[in-house]
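Data block below; observations after.
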Amino acid sequence: MPIIRLVKKAQKGNDKAFLKLFQQYEEDIYRMAYVYVKNKDDALDVVQEVAYQSFKKIHTLKMPEYFKTWLMKITMNCATNVIRKNKKVVHLKPEYEEFIGIENEDIPLSLSLKNLIEVLDENEKSIVLLRFYHDHTFKEISELLEIPLGTAKSILYRALDKLRKQYKEGDICEQ
């Protein structure tokens, strides 16, 4: 597999190999980050931080075939750190945006889906995204999040139940 060869070259210090690898997954990293942080600028900051962290720690990756999974885990950690940092920031109310010229440039998820996912806690959101957005198996999810297989399944089923109830109640605002 060319990816495994590239990872091994990158682990030996080949910068071009790392760059080629990272560029293959850059869009996936951005999408995952955007789902967490919900804005373009913070998502781009997460991508940059993931590039830095993964470059710095590439030698710690034990199984090259899990490079993408490893990157997604770094992405989730960086995005969670940005969310924590942003909780200390006071956000302006949307009705004041017109006075300061803020425009929402890109919304990759519909507002109803975004609002629906917001009812989930971070663990539930991570597992739902990994399972359905990135097509990971339960085994991969449990390894990635370092939780037992049964726990990954029960969190997913609890999250899906929560989403079903939320959808049936119709509490999602269509805008």
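Across the stretch 119-175, what is the number of residues that are surrounded by fewer than 11 Cβ atoms within 10 Å (Cβ to Cβ), assigned to a loop (DSSP other than H, G, I, E, B) and at pLDDT below 85?
Selection size over the stretch 119-175: 5.
Quick check: anything in the stretch 19-39 small (Gly, Ala, Ser), in a helix (DSSP H, G or I), surrounded by fewer than 20 Cβ atoms within 10 Å (Cβ to Cβ) and modelled with pLDDT of 90 or more?
Here is the first cut: in the stretch 19-39, the residues small (Gly, Ala, Ser) are 33.
Imposing the further condition that a residue be in a helix (DSSP H, G or I) reduces the set to 33.
From what's left, surrounded by fewer than 20 Cβ atoms within 10 Å (Cβ to Cβ): none.
The answer is no, given that none of the residues of the stretch 19-39 is small (Gly, Ala, Ser), in a helix (DSSP H, G or I), surrounded by fewer than 20 Cβ atoms within 10 Å (Cβ to Cβ) and modelled with pLDDT of 90 or more.
Would you mind stating whether Asp106 is open to solvent by 30 Å² or more (accessible area, probe 1.4 Å), assigned to a helix (DSSP H, G or I) and either at negative phi or modelled with pLDDT under 90 (or both)? Show your work before the answer.
Details: open to solvent by 30 Å² or more (accessible area, probe 1.4 Å): yes; assigned to a helix (DSSP H, G or I): no; either at negative phi or modelled with pLDDT under 90 (or both): yes.
No.
Tally time: how many residues in the stretch 28-67 are within 16 Å of Asp135 (Cα to Cα) and touching a Leu at 6+ places or on another chain (Cβ under 9 Å)?
Adding up the residues that qualify gives 6.
For the stretch 2-21, how many residues are within 20 Å of Asn77 (Cβ to Cβ) and either touching a Gly at 6+ places or on another chain (Cβ under 6 Å) or without any contact (Cβ under 8 Å) to a residue 40 or more places away in the chain (or both)?
Selection size over the stretch 2-21: 0.
The values are calculated or read from the model by the stated rules, or taken from the named source; none is laboratory data. A quick note: this is a predicted structure, and the numbers were derived from the prediction, not measured. Positions of Cβ are backbone-derived with ideal geometry, glycine not excepted, and every protein chain shown enters the neighbour counts. Remember, those area values only see protein heavy atoms, side chains included, never the ligands or the DNA or RNA. Shrake-Rupley method; radii C 1.70, N 1.55, O 1.52, S 1.80 Å.
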